[in-house]
Amino acid sequence: MTVMLLGKKIGMTQLYNDKGVIEPVTVIQAGPCTIMQVKNQETDGYTSLQLGYEDAKKSRRKKPQIGHAQKANTTVKRFVREVRTDGQPEQEPGEELTVKIFEGINYVDVIGTTKGKGFAGVMKRHGFKGMPASHGTERKHRHPGGIGSNSGSAGTGRGIRKGKKMAGHMGCTRKTTRNHRIVEIDEENNLIMVRGSVPGACNGYLMIQKSKTKQ
Amino acid sequence: MVSELIEKVEQKQLKKNKPQFDIGDTVDVHVRIVEGEKERVQVFNGTVIARKGYGINETFTVRRIVNNEGVERIFPVHSPSVVKVAVKRSGYTRRSKLYFLRQRAGKAVRLREVWTGKSDKKNIK
């Protein structure tokens, strides 16, 4: 079964492991998530679980959303996402998933929305080296340099190649960070501590799922 | 601002008996060292010249002179490898960071001892 929970980034800290070595740790509040809907092969064409996290103000939600939540016999949720399952899931709508599902799992992937950086230049956005600091460079220290030439073989011919790395909006996109080791699980406070940093700012919504590549 | 939940997480690893010492104290820091299979305790003696951070991130800096060369080590207060901090001598100081000691050598490094009783009276200049 696919293991996923919705959650919220609380922040980062340091913890000592059993060897007494300090480790960077992100604290995530994962769940409890309510199952809003169970999708099946016959009616939906695929099988999945729809999860909801964190209660929302009823007056702030639209009527269809309230009705959708009522079907599962729960309150309206702020963060609703779907997770595909292999085969028909056993759970029923209205059931709750907690951090308990991560027991026995060593590594997780975390999906979140990165911090927005606004309109960023090529050095920040793509790691370009910029122009020299001296040797006659004038007011072009953070510029991208040439972006093409007229030659069809070596350069771009007419116009500029598609996908050429340039300045532009950076951040505020969905990103997955993989293979965070689970350091600790705190069932009482619905917390899960993972090693390393995860995308987004504190209080940002996250999806935490079992690692796809590492056991 | 640190969230309450993070404080709760850190709380478990904080030392219950936090070592008590002040800036300017001469201390023996007992450090647990693991060499392969073996484990032993090493003592680092020196003056506490700084204390930084709070909670689990709290650290202190100990300075000593070895072979005419200043050596500084930074220890996390709550680290399990810092077994014990024993105060050997309390130095009198008016500031919280004694970085000026780095510019000093020889006898000038000494700090006036804190007056604790009659026997110490002769140490006060």
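Rule-based calculations on the coordinates, nothing more; no lab input. The structure presented is a predicted model; accordingly, all values stated were derived computationally and were not measured. For neighbour counting, all protein chains shown are included, and Cβ atoms are generated from backbone atoms with ideal geometry for every residue, glycine included.
Key figures
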| quantity | calculated |
| --- | --- |
| GNM result for chain A, Cα springs below 10 Å: residue of A:56, A:201, A:30 fluctuating most strongly | A:56 |
| Residues of the stretch B:8-30 with amide N under 14 Å of the 7 Å Cα→Cβ point at residue A:184 | B:8-16 |
| Only Lys, Arg (+1) and Asp, Glu (-1) charged, at Cβ; the protein assembly as shown dipole about Cα centre in debye | 2320 |
| Nearest-0.05 FRET efficiency for residue A:98 and residue B:66, computed from C-beta distance (R0 35 Å) | 0.05 |
| Farthest positive-ward along the protein assembly as shown dipole, Cα basis, beta-carbon charges - from A:29, A:150, A:106 | A:150 |
| Percentage of interatomic Cα-Cα distances in the stretch B:2-124 larger than 26 Å | 30 |
| Cα gyration tensor shape of the stretch A:143-215, rounded if a/c is under 1.5, else prolate or oblate by comparing a/b with b/c | prolate |
| Stretch gain in nm, segment residue B:88-residue B:100, where the contour uses 0.36 nm per residue and the Cα spacing is subtracted | 2.2 nm |
| Convex hull (Cα only) mean projected area of the stretch A:33-97, reported in nm² to one decimal | 4.2 |
| Relative contact order (%) - criterion: Cα under 8 Å, at least six apart; region: chain A | 30 |
| More than 17 Å apart - percent of Cα-Cα pairs taken over the stretch B:43-83 | 32 |
| Normalised contact order of the stretch A:33-97, rounded percent, pairs of Cα under 8 Å and 6 or more residues apart | 46 |
| Residues A:51, A:97, A:5, sorted so that the one with the fewest Cβ neighbours within 10 Å comes first | A:97, A:51, A:5 |
| Between the stretch A:139-215 and the stretch A:29-108, the alpha-carbon center distance in angstrom | 27 |
| Unit charges on C-beta of K, R, D, E only; dipole of chain B, Debye | 780 |
| Candidates A:112, A:130, A:171: whichever shows maximal mean-square fluctuation once chain A is modelled as a Gaussian network with Cα springs under 10 Å | A:130 |
| Global geometry of the protein assembly as shown, whether rounded, prolate or oblate, following the gyration tensor of its Cα atoms and the 1.5 cut on a/c | oblate |
| In the stretch A:43-102, chymotrypsin sites (Phe, Trp or Tyr not before Pro) in a DSSP loop with at most 13 other beta-carbon atoms within 10 Å | A:46 |
| Computed E for residue B:20/residue B:42 - FRET, C-beta separation, R0 25 angstrom, nearest 0.05 | 0.70 |
